[in-house]
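Everything on this sheet refers to the single structure shown next.
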Amino acid sequence: MKTYKERTHDILWRAEELKTKRRKIKFASVAAACMSVLIALNLILFLPYSTAYPSLSAYKDSEYYSLMQTLNKLTYTPSPYKNNFDAWFGDLLDGMKGAAEGDDNLTSDPAAGENYEEVTNNQTEGVIEGDLFKRTDKTVFYLNTSDRDHFTLQCYNVAGMDTALCGEFTIPAGGEKDSFTSPESAEMYLNEDGTRVTVFTPVRLSEKGARYTAVIGLDVSDPANVRELGRQYLSGEYVTSRSMDGGFLLINQFNVRQNPDFSDEAQFLPQYGDIDDLQSVAMQDIVCPEDARTARYTVLCRIDGASYEIEHSCAFLSFAQEVYVSAENAYVTRSYSGTYENVRNTKTEIRRNDLTDGALEMSETRTEICRVDLANGALSVAGKYDVSGSVKDQYSMDEKDGTLRVATTLRRQGIINAAVYVFSVKEFALLGKLENFAPDGEEVTAARFDGDTAYICTAYVLQFTDPVYAIDLSDPSNITAKDTGTIDGYSFTLFPFYQGSLLGIGYGNTRDTLKAEVYLETQDGVVSDGKYELSPCIFSDLFKAHLIDAGRGLIGLHVYDYDSETQSYYLLLRYDGYEIDEACRIPVEGDPDKTRACIIGDLLYVFTTDGYAVSAL
């Protein structure tokens, strides 16, 4: 039997042993907890981000499912970071590393997106185009867009030298935080009896957090008491519009943002209507190419001219903004990379010293042109044409007598040149073509179709050389060209002018030199018959800012002349069949891009963002 001391010793020993076990258990628990935290932290910090496309299985029953899949690939942007650690601390470490290495860590802004400027007059009979300026025989309406929070419709009575402002109406962008995002793009129309103005303008609605095109109706039957009739909206950015058959054709661009929420149709589909009840373009009315490269729609809408309701719409994914509208069709373009067959001993092949036998597949820029039938107020896709090269603008396309004529800039294997193609509108068959009619390196800078002749200006833009070609399209199977040879400057506008001549407006041998030149087509070629130059000056390159009165041989535009005592003035030129001379200069102020003028009787009326002027011719 153990003594008292022995029993006490055993008890103390077991207690100590128990305490040691408890310490070990506690230590193990703490270690396990730390390890769990460490593992969790590693998972949080270093677990790689997924680079797979987001799942769209939740939308597999949607009519837009195939479109969503295309947009998912075009808009999904994976995180630039590998994991959370890289996201949270990568920039800090990079900054420390850069400072240690003496790196300034400078970055450049991303390249700006494509800018679009519509420079057009009435290209097709019966198809009216919008402008900042419209008039009746009694009243002139000028849309002053100098402020972003509101526009001002200014009404002037036509009374010769006694012309004066007879009414003004403020058109708000919307709420206090709304704004007109691109005032330079705004346009308006006046109906036949002069009682209604319709404004098309880009606007940003802060509550929606997005851009729209607003269609705003105004009652101007009493210019002193103008009132607003209502508004309709189309999501996206305004491109252009037309008035035809008492209604309107609106053309818009809608860009899908990166990583859109496909549960919200407003984020990936163009929408239209009343701002509180917008509806999406139906899937059956969306054209989605298999090789779509951009998440951008070109959207066409037919709008009732009385109620402003959008009657029908269609959208073209990955198409460009260049749209030509004839009396019966609209033509929408899409550029893409393709190939062409080059046969041995052609002009292009010889320049490359390519002496292989047979046809060769070579890379080039191509354009798909989609025809939209406008018959009976509907918008239906009729078919597509395919051409080599890129289409500069609407003036590079023209419809006449059942044919579509197209001028393009060729880009083949790094070589630039020009071409013209003629198609059958209804059969979509190629009837004829003329390729490589310009010197290598020259691109199309301006085009104008006049009857059976296509006038095309090509240029080395950086070198300011300006050949003008008259291309005979009367026999599509035998297209021929005559040219001016190489002259200084280049034209960005061509227009049929006085007594069968052709007017070119553009730059002289520098970008601060205004050049107005008249060309005549002769038996042997195209010749320059008169030229006016002004330098150094700034002037508008927008065609709608130019006054062109072909019948009287008059040309007018607002210039800033650095060498003149009166630097800002409206310049009126006159071509008399022999040469171009100054007719008058009228001092004016304002934005040259927004200056408009007209001739009524023997008076010249000029309207600017800063006022108006009237002068005798």
(request) Can you tell me which residue within segment 215-267, out of those that are within 28 Å of V325 (Cα to Cα) and of a type in the set (F, W, Y), is surrounded by the most Cβ atoms within 10 Å (Cβ to Cβ)? (result) Y238
(request) Of all residues in segment 306-319, count the ones that are open to solvent by 20 Å² or more (accessible area, probe 1.4 Å) and either closer than 27 Å to R405 by Cβ or in contact with a Lys or Arg (Cβ under 8 Å, 6 or more places away or on another chain) (or both). (result) 3
(request) Could you list, in sequence order, all residues of segment 323-339 that are under 20 Å from R293 (Cβ atoms), open to solvent by less than 10 Å² (accessible area, probe 1.4 Å) and polar (S, T, N, Q)? (result) T333
(request) Would you check if E521 is buried (at least 17 other Cβ atoms within 10 Å of the Cβ), acidic (D, E) and out of contact with any helix residue (DSSP H, G or I) (no Cβ under 7 Å at 6 or more places or on another chain)? (result) yes
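To keep it simple, each residue is scored yes or no on (1) of a type outside the set (S, T, Y); (2) under 19 Å from R371 (Cα atoms).
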position	(1), (2)
Y272	no, no
C288	yes, yes
R296	yes, yes
Y336	no, yes
E341	yes, no
(request) Evaluate the following for Y308: is it hydroxyl-bearing (S, T, Y), outside any loop (DSSP other than H, G, I, E, B) and at pLDDT 80 or above? (result) no
(request) Residues that are in contact with a Ser or Thr (Cβ under 9 Å, 6 or more places away or on another chain), of a type in the set (F, W, Y) and free of Cβ contacts under 8 Å to residues at least 12 places away in the same chain: find the strands (runs of 3 or more DSSP E) completely inside segment 537-599 holding 1 or more of those. (result) none
(request) Select from segment 446-460 the residues that are surrounded by fewer than 22 Cβ atoms within 10 Å (Cβ to Cβ) and part of a strand (DSSP E or B) and list them in ascending order. (result) D450, T453
(request) Would you confirm whether any residue within segment 140-149 is over 30 Å from D277 (Cα atoms) and among the β-branched types (V, I, T)? (result) yes
(request) Quickly run through segment 414-436 and pick out the residues that are of a type in the set (K, R) and touching a Phe, Trp or Tyr at 6+ places or on another chain (Cβ under 6 Å). (result) K433
(message) Within segment 484-524, considering only strands (runs of 3 or more DSSP E) that don't extend past its boundaries, which have at least 3 residues that are of a type outside the set (V, I, T) and under 18 Å from Y578 (Cβ atoms)?
(response) 502-507, 514-521
(request) Please work out which one of (1) under 22 Å from the mean Cα position of the chain (by Cα); (2) at pLDDT 80 or above is the condition A320 fails and give its number. (result) (2)
(message) Being touching a strand residue (DSSP E or B) at 6+ places or on another chain (Cβ under 7 Å), exposed (fewer than 13 other Cβ atoms within 10 Å of the Cβ) and without any contact (Cβ under 8 Å) to a residue 24 or more places away in the chain: is that true of A164 here?
(response) yes
(request) Can you tell me which residue among K138, K134 is modelled with pLDDT of 50 or more, open to solvent by 50 Å² or more (accessible area, probe 1.4 Å) and within 29 Å of D549 (Cα to Cα)? (result) K138
(request) Within segment 423-433, count every residue that is part of a strand (DSSP E or B) and surrounded by fewer than 22 Cβ atoms within 10 Å (Cβ to Cβ). (result) 5
(message) Any residue that is part of a strand (DSSP E or B), closer than 20 Å to R405 by Cβ and open to solvent by less than 30 Å² (accessible area, probe 1.4 Å) - is there at least one of those in segment 472-480?
(response) no
(message) Suppose we keep only residues that are among the aliphatic types (A, V, I, L, M) and at pLDDT 95 or above within segment 549-582. Which one would you say is farthest from A186 (Cα to Cα)?
(response) I580
(message) Name the single residue that is most open to solvent (accessible area, probe 1.4 Å) among those in segment 169-211 being touching a strand residue (DSSP E or B) at 6+ places or on another chain (Cβ under 7 Å) and free of Cβ contacts under 8 Å to residues at least 24 places away in the same chain.
(response) T170
(message) Which residue is nearest to A616 (Cα to Cα), if the candidates are limited to segment 552-595 and must be open to solvent by 60 Å² or more (accessible area, probe 1.4 Å) and basic (K, R)?
(response) R585
(request) Those residues that are open to solvent by 10 Å² or more (accessible area, probe 1.4 Å) and either free of Cβ contacts under 8 Å to residues at least 40 places away in the same chain or part of a strand (DSSP E or B) (or both), I need them from segment 286-305; list them, please. (result) I286, V287, E290, R296, R302
(message) Looking only at segment 236-285, how many residues end up being under 26 Å from D393 (Cβ atoms) and either assigned to a loop (DSSP other than H, G, I, E, B) or aromatic (F, W, Y) (or both)?
(response) 9
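The values are calculated or read from the model by the stated rules, or taken from the named source; none is laboratory data. The shown structure was predicted, so the numbers you read here are calculated from the model rather than taken from an experiment. Using ideal geometry, Cβ is built from the backbone for each residue, glycine included, and neighbour counts are taken over all protein chains shown. Surface accessibility is based on the protein's heavy atoms, side chains included, excluding ligands, DNA and RNA. Shrake-Rupley method; radii C 1.70, N 1.55, O 1.52, S 1.80 Å.
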